1. Can you check how the C-alpha radius of gyration of region 228-295 compares to 2.2 N^0.38 Å, as a plain ratio?
2. To check you understand DSSP bridge types, tell me what percent of the beta bridges within the chain (both residues inside) are antiparallel, rounded to 5.
3. Which is farthest toward the positive dipole end of region 1-145 among L4, P43, A77, measuring Cα position about the Cα centre, with Cβ charges +1 (Lys, Arg) and -1 (Asp, Glu)?
4. Rounded to the nearest 10 degrees, what's the angle between the helix 43-59 long axis and the longest principal axis of the chain, both from Cα atoms, 0 to 90?
5. At 222 nm, what value in deg cm²/dmol follows for the chain if DSSP H runs of at least 4 each add -39500 (n - 2.57) and the sum is divided by all its residues, to the nearest 500?
6. Can you tell me which of G103, G306, G72 moves the most in a GNM of the chain? Springs connect C-alpha atoms under 10 Å apart.
7. Restricting to bridges with both residues inside region 2-171, how much of the DSSP beta-bridge set is antiparallel, in percent to the nearest 5?
8. Given the C-alpha centroids of region 71-120 and region 190-245, what is the distance between them in whole angstrom?
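Values quoted throughout were computed directly from the atomic coordinates according to the rules given, and no laboratory measurement underlies them. Since the model is a prediction, treat every value here as computed from it, not as a measurement. Cβ atoms come from the backbone with ideal geometry, glycine included; neighbour counts cover every protein chain shown.
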Amino acid sequence: MQTLGLKLGERAYPIHIGAGALDQPELYAPHVRGRQAAVVTNPAVAAHYYARLQAVLEAADARVTRILIEDGEQAKAWATLDHVIDALLEARCGRDSVVVALGGGVVGDLAGFAAAIYQRGVSFIQVPTTLLAQVDSSVGGKTAINHARGKNMVGAFHQPLAVIADVATLDTLPERELRAGLAEVIKHGFILDPEFVAWLEENIERLLARDRAALEHAVHRSCELKAQVVAADERESGLRAILNFGHTFGHAIEAGVGYGEWLHGEAVAAGMVMAAELSARAGTLRRDDAGRVKALIRRAGLPVSGPALAIDRYLELMQVDKKAAAGKIRFVLLDGIGRATLRGDLKPDWVRDSIAAAAQ
């Protein structure tokens with residue numbers, strides 16, 4: 001078991017990482033003892049882990065309620081949010097209740113947003129069960145639902161009380177979702193840590209084979225890197241924007257093809273190839289380093305080309321990206337392996353050509 005701390009003053013919290021973490025009452029007890037715990041999850045995750053989580057929460061002296069939501073990206077919608085709020089009211093959850101998100105990024109984002117707005121805000125805990133959630137979405141307090149015009153357009157910053165990441169849950173993760181989670185692991189290396197990139201290039205096959213030690217290292221290092229950025233810029237006023245490397249293109253892909261058709265990590269993977277190409281065209285990244293981005297993503301079994309969307313459709317969807325300012329789309333570019341920057345002064349032809357270069 002390894003524990004990191006995300007340092008945010010009075011909103012600081014622990015990130016517990018290790019096989020078996022799910023079943024340790026002492027990790028939950030400080031946050032749920034004597035309180036009502038509303039577990040938000042989906043049927044696929046619940047079949048594997050809900051009974052175990054219920055038992056451990058009850059052992060930590062919590063009263064437990066279960067709230068089931070639909071599986072998949074399409075669940076990040078107003079109707080599902082309303083369902084969760086209604087269930088919290090039906091269970092008579094008060095302001096001292098704790099929402100527990102058991103599942104992947106969809107569950108975490110939606111349950112966290114429900115916690116942020118229910119009775120003007122209640123506490124919540126993240127128990128991520130997918131690689132993508134463990135390395136990225138469960139850490140940092142971003143919560144949201146999607147809108148037809150753009151991904152994560154309705155949400156709030158709401159930090160959890162704790163993140164409890166049991167890497168043993170990755171044993172039941174479908175292969176496609178494991179690969180999708182690797183996209184965010186790869187992203188952290190390319191924007192923040194060249195040594196981690198080198199480690200990934202040497203160990204990507206171990207990760208794909210679900211080698212436990214390799215997965216624990218990847219989760220720990222990804223959380224460590226993200227925690228450093230979030231602690232420096234909690235509300236994305238500057239530095240934190242670099243965590244969106246590949247996401248401007250990726251969010252456009254998700255919205256353009258319909259939420260759920262491409263997994264988030266798949267869209268981000270193709271988006272990183274486009275962003276690396278754009279970095280090369282802008283002169284901030286050597287062409288061979290752009291090739292390293294593409295090669296590692298391909299070895300992870302992730303898309304290196306975007307879907308067959310018209311370039312103008314990409315541009316239309318990216319106009320509502322949350323990083324846009326003064327009517328201009330801003331992109332996270334690489335300044336080299338392990339360094340990133342946010343730029344809004346790029347030539348439109350560079351953007352178009354970067355999309356075209358990575359089109360299917």
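1. Expressed relative to 2.2 N^0.38 Å, the Cα Rg reads 1.23.
2. Expressed as a percentage, antiparallel bridges in the chain total about 40.
3. L4
4. 50 degrees
5. Using -39500 (n - 2.57) per qualifying helix, the result is -15000 deg cm²/dmol.
6. Comparing G103, G306, G72 in the GNM, the peak value goes to G72.
7. 35 percent
8. Distance between centres, Cα-based: 27 Å.
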